[in-house]
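Contents: one structure, followed by commentary.
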2 protein chains.
Amino acid sequence: MKSLFQDLTSLLVQNNIRPSYQRIKILEYLHGHHIHPTADDIFNALISEIPTLSKSTVYNTLDLFISNNLARLLSIEDTEARYDIVMNNHGHFKCVSCGEIFNFDIDIENTVIKELDGFSIKDKNVYFKGICAKCLQANTHE
Amino acid sequence: MKSLFQDLTSLLVQNNIRPSYQRIKILEYLHGHHIHPTADDIFNALISEIPTLSKSTVYNTLDLFISNNLARLLSIEDTEARYDIVMNNHGHFKCVSCGEIFNFDIDIENTVIKELDGFSIKDKNVYFKGICAKCLQANTHE
DNA sequence: TAGTAAATTTATAATAAGTACAATGTTATT
DNA sequence: AATAACATTGTACTTATTATAAATTTACTA
């Protein structure tokens with residue numbers, strides 16, 4: 001039985017990406033933490049395991065993953081970019097109170113936009129903002 | 001017959017915003033230029049008419065408009081924030097080749113997301129990316 | 001298997017959008 | 001007119017991201 005490490009290595013090789021230790025670890029982190037981390041989150045999570053890790057590597061690797069469709073960039077945040085592994089048909093909700101980002105199912109893939117006829121659509125994102133149920137309840141008790 | 005300037009002044013007053021010259025001009029620009037400008041675009045467009053204008057004022061004013069739901073922030077761009085007047089039920093398509101941002105009609109207001117039951121949704125954005133028809137044609141002729 | 005070329009990582013410096021803040025100017029109120 | 005509240009401005013600062021070049025690792029070839 002293959003380990004996750006081996007699976008992720010294969011995934012990189014399949015995409016013609018040389019499976020360096022840093023790349024595997026970053027990919028492993030994305031697969032294990034669907035919390036829409038920032039580049040900084042990823043760096044901080046891995047620095048103890050890879051003491052020589054550089055932020056440049058994190059940025060380079062994320063860009064590489066995005067180019068190869070292994071990761072996705074979320075622009076829901078104004079200040080920092082966030083990253084996620086690629087999953088289809090889901091949107092993101094950001095709670096402006098606690099900052100957490102939630103996934104939700106939405107089928108946008110099959111929606112035909114006639115105004116975009118003749119356009120090549122490569123990426124579809126649905127971003128909602130508001131206040132999550134937990135924060136709404138917390139406010140009620142004030 | 002009232003002028004646009006007067007109309008926009010009234011709009012600000014209705015929202016309890018003191019109608020300063022800078023605010024009216026920035027609102028006027030947003031109404032007249034649906035090109036999803038950056039703060040810098042707005043600053044550069046108005047600096048000749050308002051030589052004392054400061055970028056701080058542009059940022060402050062845009063924040064104020066957003067708080068009062070007169071403008072909307074687009075996070076489609078990774079590098080710079082873009083702004084638009086508030087219009088319902090439309091998404092944004094960004095051409096990664098020429099950079100232009102297109103509006104398109106999409107009815108997301110009436111979509112019910114059961115996973116977000118109990119959440120207060122304040123803002124819904126649909127962002128697509130890809131290559132516009134014009135750029136696709138241009139590439140064909142290479 | 002040593003030597004070389006290519007790819008990758010790293011550290012540092014540079015860039016630039018956005019924010020904080022204090023000073024100045026303007027408007028409203030008494 | 002005096003004063004308080006509000007708005008604008010300019011400067012300095014913060015910080016995410018990018019650019020670059022050196023160092024390191026890996027792959028390739030003789």
- For A:Cys98, what accessible area in Å² do you get when you roll a 1.4 Å probe over the heavy atoms of the protein chains, rounding to the nearest 10? 70
- Query: Expressed as a rounded percentage, what relative contact order does region A:88-140 have, with Cα pairs under 8 Å and six or more residues apart?
  - Reply: 46
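Under Stokes-Einstein, with the Kirkwood radius over Cα pairs standing in for Rh, what whole-number D in µm²/s applies to chain B at 20 °C and 1.002 mPa s? Show your work: numbers first, answer last.
Numbers: Rh = 17.1 Å.
Diffusion coefficient, whole number: 126 µm²/s.
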- Query: Hey, rough spin-label estimate for A:Leu73 and A:Val112, points 7 angstrom out along Cα→Cβ, what's it come to in nanometres?
  - Reply: 3.1
- Task: Towards the positive end of the charge dipole of chain A, with charges on Cβ (+1 Lys, Arg; -1 Asp, Glu), say which of A:His92, A:Leu12, A:Ile76 has the farthest Cα.
- Result: A:Leu12
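Nearest 20 debye, what's the magnitude of the dipole of the protein assembly as shown about its Cα centre given +1 on Lys and Arg Cβ and -1 on Asp and Glu Cβ?
Numbers: 26 positive and 36 negative charges, 41 e Å.
Dipole magnitude for the protein assembly as shown comes out near 200 debye.
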- Query: Other chains near A:110-117: what is the mean number of their Cβ atoms within 10 Å of each residue's Cβ?
  - Reply: 4
- Å² per residue, accessible surface of chain A at 1.4 Å: 55
- Taking chain A and counting helices only, DSSP H stretches of n ≥ 4 at -39,500 (n - 2.57) each over all residues, the nearest-500 ellipticity at 222 nm comes to -11000 deg cm²/dmol
- Query: Got a number for carbon plus sulfur as a percent of the protein assembly as shown's accessible area, 1.4 Å probe?
  - Reply: 48
- Message: List, shortest first and in nm to one decimal, how far the label point of B:Glu28 (7 Å from Cα along Cα→Cβ) is from its counterparts in the other copies.
- Response: 6.1
- Just how many pairs of Lys in chain B have C-alpha atoms closer than 19 Å, counting pairs that are eight or more places apart or on different chains? 7
- Item | Long-range HN-HN contacts of B:Asp123 with modeled amide H, under 5 Å | A:Lys129
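Dipole of region B:4-83, Cα-centred, from +1 at each Lys and Arg C-beta and -1 at each Asp and Glu C-beta, to the nearest 20 debye? Mind dumping the intermediate values first?
On the way: 6 positive and 9 negative charges, 61 e Å.
The dipole magnitude comes to about 300 debye.
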- What is the magnitude of the charge dipole of chain B about its Cα centre, with +1 placed on the Cβ of each Lys and Arg, -1 on the Cβ of each Asp and Glu, and no other charges, expressed in debye to the nearest 20? 340
- Task: For region B:88-140, state the average projected area of the convex hull of the C-alpha atoms over all orientations, rounded to one decimal in nm².
- Result: 4.7
- Query: Could you give, in nm with one decimal, how far B:Leu136 is from each other copy of that position, shortest first, with labels 7 Å out from Cα toward Cβ?
  - Reply: 4.0
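Taking 8 Å as the Cα distance limit and 6 or more residues as the minimum spacing, I'd like the relative contact order of chain A as a percentage.
Values: 144 pairs, mean separation 24.1, N = 142.
In percent, rounded to a whole number, it is 17.
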- Projected onto their principal axes, the Cα atoms of region A:4-83 stretch, largest extent first, over whole-Å spans of 34, 28, 21
- Task: Give me the compactness ratio for region B:3-51, meaning the Cα radius of gyration over 2.2 N^0.38 Å.
- Result: 1.14
- Note on the structure: If N is the residue count of the protein assembly as shown, its Cα Rg over 2.2 N^0.38 Å rounds to 1.15
- Note on the structure: Rounded to the nearest 100 Å², the accessible area hidden between B and A, summed over both chains at a 1.4 Å probe radius, is 2700
- Task: Report the residue, chosen from B:Glu115, B:Glu100, B:Glu77, that carries the largest GNM mean-square fluctuation when chain B is represented by alpha-carbon nodes joined by springs under 10 Å.
- Result: B:Glu115
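The values are calculated or read from the model by the stated rules, or taken from the named source; none is laboratory data. Everything numeric here is computed off the predicted structure, so don't read it as measured data. In this analysis, Cβ positions are derived from the backbone assuming ideal geometry, glycine residues included, and neighbour counts consider all displayed protein chains. Just so you know, the surface numbers come from the protein's heavy atoms only, side chains and all, with ligands and any DNA or RNA stripped out. Shrake-Rupley method; radii C 1.70, N 1.55, O 1.52, S 1.80 Å.
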